[in-house]
1. What number goes with the only condition from (1) within 24 Å of residue 327 (Cα to Cα); (2) open to solvent by less than 20 Å² (accessible area, probe 1.4 Å) that residue 102 does not pass?
2. Going by the conditions given, is residue 56 open to solvent by 50 Å² or more (accessible area, probe 1.4 Å), modelled with pLDDT under 95 and more than 14 Å from residue 334 (Cα to Cα)?
3. So, in segment 189-198, how many residues would count as being farther than 17 Å from residue 105 by Cβ, within 19 Å of the chain's Cα centre (by Cα) and either open to solvent by 30 Å² or more (accessible area, probe 1.4 Å) or not small (Gly, Ala, Ser) (or both)?
4. Looking at segment 155-170, I want the residues that are over 16 Å from residue 134 (Cβ atoms) and have a partner that is open to solvent by 10 Å² or more (accessible area, probe 1.4 Å) with Cβ atoms under 6 Å, at least 6 apart or on another chain. Which pairs are those?
5. Restricting to segment 308-342, name every residue that is open to solvent by 30 Å² or more (accessible area, probe 1.4 Å), over 26 Å from residue 44 (Cβ atoms) and outside any loop (DSSP other than H, G, I, E, B).
6. Please indicate, with yes or no, whether at least one residue in segment 283-301 is closer than 20 Å to residue 72 by Cβ and touching a Leu at 6+ places or on another chain (Cβ under 6 Å).
7. Are any of the residues in segment 114-136 in a loop (DSSP other than H, G, I, E, B) and either over 30 Å from residue 225 (Cα atoms) or among the hydroxyl-bearing types (Ser, Thr, Tyr) (or both)?
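The values are calculated or read from the model by the stated rules, or taken from the named source; none is laboratory data. Predicted, not measured: the structure shown is a model, and the values here were computed from it. For neighbour counting, all protein chains shown are included, and Cβ atoms are generated from backbone atoms with ideal geometry for every residue, glycine included. The accessibility values were calculated without ligands, DNA or RNA, using every heavy atom of the protein model including side chains. Shrake-Rupley method; radii C 1.70, N 1.55, O 1.52, S 1.80 Å.
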Amino acid sequence: METSISVSVAAVLVFCLLCQIQGKVAFGGVDNINATKNVVRIGSCDLFQGKWVYDRSYPLYTSTDCPFIEKEFNCQNHGRPDKEYQKYRWQPTSCQIPRITGRSFLQRLRGKRILFVGDSLSLNQWQSLTCMIHKSAPEAKYDLVKIGGLSVLKFPAYDILIMLSRNAFLVDIVLEGSRRVLVLDSIQSGNFWRTFDVLVFDTWHWWLHTGRKQPWDFVRYEGRTHKDMDRMVAYETALRTWARWVDSSVDSTKTQVFFQGVSPDHMNPREWGDAKSENCRGQTEPVLGSHYPGGSHPAEIVLKKVLRIVFKPVHLLDITTLSQLRKDGHPSVYGYGGRRGTDCTHWCLPGVPDSWNQILIAALFQS
C-alpha cells in the first residue's frame, strides 16, 4: 500500500524532475572485461550460458503477492489460462545462481541508492526486483511514489532507495518550439545519475519506432539536424555518447554501473523454427536447449562493440540469449492492450525478468 512521500523521497523526485524539465533530460567489484569482458560472472562461471529448467518451487512470487505489478505485465489478471511459463528457472551450465532472499538484499545494501534508467523494459526489471524483495520480506515497510516516468520505492528501516527513471534513449530529447529533437551527443541527465550507488541502464526498444510511436521529430549530431537517419547508426552513436559519459563522469569507487543488455521480442516465429505461428501468441513453452536458432540480436552486437571502448567498469547483464529462448514469456494478448493488440516485447510477471534480477543480485553480493 502506498504511503505518504517522505522528505528524502520528495527531494529525489524534485531533483530528477528539474533535470528532465530543463532537457537535462556507489560500489566496486565484478571484474571489468573485450566484448565479453564486461559480462557478469561468478568466479569463472558464465551465468548466461545454460538452459531453462522446470522447477516446481517456482514462481518466486505471484501477481497477488505483489502490489507493484503494472497491469500490462499482470498476465494472470488479464486471463492468461496457463501458468507453466512461471515455473521455469534459468540454470547456467557450470554453476548455480545463488538464491538470495529479499531480507538479505535489504540488509546487505543498507543505505544504498539504486537507479534503473531506461524504457519500459527497465520498468519490467524494476517491478520484478521490487516484487521479489516484497515477497521475501513482506514485513519491511515501504514508501512508494510514482510521478510521470519516475517511480521511487524506499525501505525507510534500511535506508534503501530503488528508483526507476524512464528514459528510452539515454541521450536527450529537447523541445525547440514545436519540434522535438533527439540529440545524440548530449546527456545532461547524467548529473543526477552519478549521485547513485548502483546504476542499471537499458535502451533499445524505442530506436526502431516510426510514425505516431516515434517520440521525436528530428535527430541531431555534432550540430547537424536531420529529419531521420539509419536507426542502428543512431543507436550506436547514442551508446558511444553514453560510454563517454561513463568514462568522464562516473566515480567507479562509489558507483557500480550495469547495462541490462538487449531484451528481444518474439514477433517472427521463423526465428525459432515455427512455420505455423504468427508471433508469440499461444506459446506456452521455452525453446529447448541453450541455442536460439535465430542467432545473435543485431542490437546486442552493437552494444558489445561499444562496451569494448569503455575504460571504466561497466558490467553487462548479457540477458539476450536466455531471453530469446523464452518465446512463451510475453503478455501476448494478456497484457495492457488485451485482445486488441499482441505484446511480444514485454514480459509477464512473475517471469523472465526475475532471472535477470537474480543474476544482478548475485553480482551485487559478489562485489
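1. Every condition holds for residue 102 apart from (1).
2. no
3. Looking only at that region, the number is 3.
4. 159/111; 166/149; 168/206
5. Selection gives 339, 340.
6. Looking for residues that are closer than 20 Å to residue 72 by Cβ and touching a Leu at 6+ places or on another chain (Cβ under 6 Å), one finds none in segment 283-301, hence no.
7. So far as segment 114-136 goes, no, none of its residues is in a loop (DSSP other than H, G, I, E, B) and either over 30 Å from residue 225 (Cα atoms) or among the hydroxyl-bearing types (Ser, Thr, Tyr) (or both).
Quick grid of which residues meet (1) farther than 27 Å from residue 360 by Cβ; (2) modelled with pLDDT under 95:
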| site | (1), (2) |
| --- | --- |
| 191 | no, yes |
| 196 | no, no |
| 203 | no, no |
| 231 | yes, no |
| 239 | no, no |
| 244 | no, no |
